[in-house]
1. At 0.36 nm per residue, minus the direct Cα-Cα distance, what do residue 5 and residue 132 gain on full extension? Give it in nm, one decimal, please.
2. Based on the Cβ-Cβ distance of residue 50 and residue 75, what FRET efficiency does E = 1/(1 + (r/R0)^6) give at R0 = 35 Å, to the nearest 0.05?
3. What's the ranking of 116-124, 36-44 by average number of surrounding C-beta atoms within 10 Å, highest first?
4. Can you sort 10, 131, 148 by how many other beta carbons sit within 10 Å, fewest first?
5. Measuring from label point to label point, each 7 Å out along Cα→Cβ, what is the residue 111 to residue 39 span in nm?
6. Would you please state the base-10 log of I(q)/I(0) at q = 0.12, 0.17, 0.20, 0.22 1/Å for the stretch 90-157, with intensities from the Debye formula using one equal scatterer on every alpha carbon?
Amino acid sequence: MAEAMKVILLILPLATSLLAAGEPVPVVSSAVPGGTPARFLSADLDDRIARMRKRLSIISRERGPFGLYQNPAKTPVDNHVAKKISKTPFIEFINGIQISVINSREKEFLVGARIFRVGQVFPIVRGGERLSVRVEAVRSSRVTFRNLRTGEIALRRLDVLPEGVTAAAGRVRVQGVTSRSRGEAEPLRLDTNTSPPAP
């Protein structure tokens with residue numbers, strides 16, 4: 001039985017190839033009925049090209065799809081004056097960073113939801129200008145940055161008091177806020193340089 005199967009497997013591919021060779025192959029005609037073969041069109045070729053060219057939309061355009069002039073002899077005239085980009089000082093980039101928390105023990109600080117550490121390099125983009133900056137040092141009241149392109153160093157200080165707040169003898173005084181001690185009442189301080197309010 002196994003020998004019969006082997007014989008059938010050997011004869012089967014041979015028989016199918018003989019049957020396929022005996023079938024006639026259909027001939028495909030590429031000639032279009034009523035058409036003229038291309039080898040006979042050379043007599044009026046220039047007229048045909050001129051008729052076909054009039055149908056193209058590119059003929060009426062001054063520039064092609066890639067922005068180049070259709071007439072190679074035409075020289076482009078550019079009236080564009082290059083605008084000078086005013087370079088923003090590095091300190092303005094750094095002062096624009098809104099640092100919310102400094103962790104001086106871990107040498108890191110927080111801007112929004114991002115944490116930056118000493119030695120970290122990151123880009124700053126402001127008004128189309130881009131700088132690569134490295135964090136050089138983190139202290140409790142300031143962060144030091146280095147511009148990697150120029151080597152310039154800038155400090156972002158956080159111990160600057162807002163308008164209306166003054167530091168006096170180690171204590172911070174806020175205008176309009178009095179101390180909570182019950183001993184002596186905080187004196188009311190009046191500005192002598194301001195004019196009285198208009199009625």
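Each reported figure results from applying straightforward, stated rules to the coordinates on display, with no laboratory input. These numbers were taken from a predicted model, which means no experiment stands behind them. Note that each Cβ is placed from the backbone with ideal geometry, even for glycine, and that neighbours are counted across all protein chains shown.
1. 38.1 nm
2. Approximately 0.80, to the nearest 0.05.
3. Result, highest mean first: 116-124, 36-44.
4. 10, 148, 131
5. Spacing of the two 7 Å Cα→Cβ label points: 7.5 nm.
6. -0.26, -0.53, -0.75, -0.91
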